[in-house]
Amino acid sequence: MHRRQFIKYSTVLFASVGAGACSVQVQSKSLNTSLGVQLFMLRESMQKSPEKTLEEIAGIGFKEVELFGFGKSLFNSDPFFGLGPRRFSEVLKNNGLTAPIAHLAGSVDDEEKLAELADIVAIKRFVIAMPPEFVDRTSGRARIVGVQSLEQLDRMSERLNNEASKLSKHGIGFGYHNHNMEFKNVGGVVAFDYLMQQLDRNLVAIELDLGWVAAAGLSPVQWINKYGSRIQSVHLKDYSSSIPAGLDSTKYPIPEMSQLVLPGHGDLKFKDIFNALDSMGIKHRFLEVDLPQNPMEEAQIGFSYLSRYL
């Protein structure tokens, strides 16, 4: 978030919930829907003090967290931040939090182990955050190359279907999280549409990242309506066309990442988005800002802003 925007929305937050308020319990009556937060947004705080961070998350009013770090993550090798799965699960319960979904990097190398961890923490679905097929590591440094061809998507979808099948035998769901690259035209078709056709809809759900949809120049509402109930969760972030794309690849592995901002700071109409989510019965809604400057404060501001639409 840019400094002026942060100050502006900090003022809005304290005016709306009071300078001393740290917990606003908001829940949709119709869908029993509440707001969650992707822990990637709070990764530095989680690495330093996971128990305190989870307590603060609950204090804001979030009811769900989405984990990350399973598999070969570039950002975190321990999804439980040193607590271990059992203690992590205890801390969640003590704070009235659940973790129904977790991001998975790379591939499913040991489904038995994943199933064991999922059972302890009550994870219901693993979601592929960034397919390894979209990342080039030959130079010794990860470089995102994105969608290259339909043949690439064919190979990838076959692998993902197989991995989803493995997890389904343990009663665990599987999903795919998008960026903007999947919405490019490849071989005369939109890559995302082609990929979803190849992936088994009975095994692979969608986690639709609304900010990345907008970064591709598309309407999140239209894509929510298009895929409907196949979407099991969403990432709530905004997109600002007034911010230039980032040119520093060390900071912005995808240039448009610089344009992804806190809900209410960009171009998206979240009232329309929430109406679409409600109409499709999509319950799991996670706030996420990829590169926050003040993560916990921005989580508070994002919660306050989005709560009005529940």
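Of all DSSP beta bridges confined to the chain, the antiparallel ones make up roughly 15%. Accessible surface of GLU163, taken over heavy atoms with a 1.4 Å probe and every protein chain present, rounds to 10 Å². Distant-in-sequence amide contacts of VAL261, defined by a placed amide H-H separation under 5 Å and a gap of 5 or more residues or a different chain, comprise ASP238, TYR239, SER240. Derived scalar couplings between HN and Hα for segment 60-71 equal 5, x, 5, 10, 10, 10, 10, 7, 8, x, 6, x Hz in order, rounded to whole Hz, by the Karplus curve 6.51 cos²θ - 1.76 cosθ + 1.60 (θ = phi - 60°), x for Gly and Pro.
Separation of segment 67-106 from segment 134-193 is 23 Å, based on Cα centroids. Phi angles across segment 127-142 convert, under the Karplus curve 6.51 cos²θ - 1.76 cosθ + 1.60 with θ = phi - 60°, into 3J(HN,Hα) values of 10, 6, 7, 8, x, x, 5, 8, 10, 9, 10, 5, 7, x, 9, 5 Hz, Gly and Pro given as x. Expressed as a whole percent, the accessible surface of the chain that belongs to carbon and sulfur atoms is 48, based on a 1.4 Å probe.
Rounded to the nearest 10 square angstrom, ASP154 shows an accessible area of 60 square angstrom against a 1.4 Å probe. The largest accessible area among GLU151, GLU111, GLU297 belongs to the first residue in GLU151, GLU297, GLU111, and the rest follow in falling order (1.4 Å probe, all chains). When the Gaussian network model of the chain links Cα atoms closer than 10 Å, the mean-square fluctuations of VAL91, VAL189, VAL108 top out at VAL189. Here the 3J(HN,Hα) profile of segment 240-255, calculated from phi with Karplus coefficients 6.51, -1.76 and 1.60 at θ = phi - 60°, is 10, 6, 7, 8, x, 5, x, 9, 7, 5, 6, 9, 10, x, 10, x Hz, Gly and Pro shown as x. Annotation: the antiparallel percentage among DSSP beta bridges lying fully within segment 67-174 is about 20. The Stokes-Einstein estimate for the chain, based on a Kirkwood radius over Cα pairs and taken at 20 °C with 1.002 mPa s viscosity, is a diffusion coefficient of 109 µm²/s. Surface exposure of the chain, expressed per residue as accessible area with a 1.4 Å probe, stands at 44 Å². For the chain, a Gaussian network of Cα nodes joined below 10 Å ranks SER229, SER77, SER139 by mean-square fluctuation, and the top entry is SER139. Per residue of the chain, the DSSP helices (runs of n ≥ 4 H) give a summed -39500 (n - 2.57) that works out to -11500 deg cm²/dmol at 222 nm.
Applying 1/(1 + (r/R0)^6) with R0 = 51 Å to the Cβ-Cβ distance of THR250 and SER229 gives a FRET efficiency near 0.80.
The values are calculated or read from the model by the stated rules, or taken from the named source; none is laboratory data. Here the structure is a predicted model, which is why all the values come from computation and not from measurement. We place every Cβ from the backbone using ideal geometry, glycine too, and count neighbours over all the protein chains shown. Quick note on the areas: whole protein, heavy atoms, side chains included, nothing else; ligands and nucleic acids left out. Shrake-Rupley method; radii C 1.70, N 1.55, O 1.52, S 1.80 Å.
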